[in-house]
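The values are calculated or read from the model by the stated rules, or taken from the named source; none is laboratory data. Fair warning: this is a prediction, and the values are worked out from it, not measured in the lab. Cβ sites come from the backbone with ideal geometry, for glycine too, and all protein chains shown count toward neighbours. To get the accessible areas, we keep the full protein, side chains included, count just its heavy atoms, and leave off ligands, DNA and RNA. Shrake-Rupley method; radii C 1.70, N 1.55, O 1.52, S 1.80 Å.
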Amino acid sequence: MKRKVPIEPLPKGLSIFDSHCHLHFGDHYSEDLDEVINRARRYGVTRMVTIGIDCEDSEKAVAVAESYDNLFATVGVHPHDVAGMSKSHYLSLERLAQRPKVVAIGEIGLDFYRNLSPREDQERHFVGQLNMARDLKKPVVIHCRDAHPELQRLMREHRAHEVGGIIHCFSGSPDDAQVYLEMGFYISVAGPITYPKAELLRRSVAKVPINRLLVETDAPFLSPQPVRGKRNEPAWVVATFVALCRLKGVSLQEGATQLSTNLKGVLGV
Ligand SMILES: [Zn+2]
Ligand SMILES: [Zn+2]
């Protein structure tokens, strides 16, 4: 039986990236990681960043990044997992961050939607890891759900503009986007921009200048509309990229060139 592939590869010669995926996560890709990475390349997705969510997971992220060309890693503790984070966790992240394939600290942030860790732990370890990133001279990858006012306050108080980085899977209002842009951050757009009901999100993203935008999958989660409900993977970032180019009124060629410049600007890859 022929498998229907609803997302088309990018035209030859164009190259984009997935700024945020979890390729080393659980057993989602344990059977077919080579195939997933080859498919991404065939689709024009030539660079991928696999994101750590706790210390052990960050170690896996670095190990898998070290096994493939143009696969990079971040190390950090997700707001869901910060309860119980201690000095020794910071030391192990600092040590891991020295490895050459590590391009940022993350994902760090606040998640007041699920509140899997107490809010005060989330706030303390967001600030702790932001300061660690500053010391290490690395940008941060920020996760924020239902916590934009608190996040912006902490970012202001702790001079996040000196650190820089990415607001991943952006879900805020146009005003939220404006605050992050003023602090020098990049806005990364994920699959939800392709969902029929995401009119509000599209309105926010439409206002972000193209020289501050990135695309991501957050794979294995958040599959774009054509593959919604199935496992996500870096190749499918093409659907998000095409939707973004359409929204911004740029050609795929212009979009690919500008977004690649953006990724280089923030992560250096
Ligand atoms: Zn996240
Ligand atoms: Zn993520």
Have a look at the DSSP beta bridges in the chain and tell me what percent are antiparallel, nearest 5.
0 percent
So, by mean Cβ neighbours within 10 angstrom, what's the order for 97-104, 188-195, 44-51 with the highest one leading?
44-51, 188-195, 97-104
What accessible area per residue, rounded to a whole number of Å², is obtained for the chain using a probe radius of 1.4 Å?
45 Å²
Taking H as built 1.01 Å from N, whose amide H comes closer than 5 Å to the amide H of Ala104, not counting residues under 5 places away?
Val75
Gained length - Asn38 relative to Ala206, 0.36 nm times residue gap less alpha-carbon distance:
57.3 nm
Have a look at Gly13, Gly109, Gly165 and tell me which one the Gaussian network model of the chain (Cα, springs below 10 Å) gives the largest fluctuation.
Gly13
Once neighbouring chains are kept in place and the probe is 1.4 Å, which whole percent of the accessible area of region 16-267 is contributed by carbon and sulfur?
49 percent
Gap in Å between the Cα centre of region 198-269 and the Cα centre of region 32-108?
20 Å
Cα extents of region 1-82 per principal axis, largest first, Å, are 42, 30, 23
Spatially close lysines, pair count over the chain: Cα under 26 Å, gap of eight or more or interchain:
27
Per residue convex hull volume, Cα atoms of the chain, in Å³:
121 Å³
How far apart, in nm, are the 7 Å Cα→Cβ label points at Arg231 and Arg114?
1.9 nm
Can you check what the net charge comes to around Leu259, using other residues whose Cβ is under 15 Å from the Cβ of Leu259 (Lys, Arg +1; Asp, Glu -1)?
+2
Tell me the Kirkwood hydrodynamic radius of region 144-234 in angstroms, computed as one over the mean inverse distance between distinct C-alpha pairs.
13.7 Å
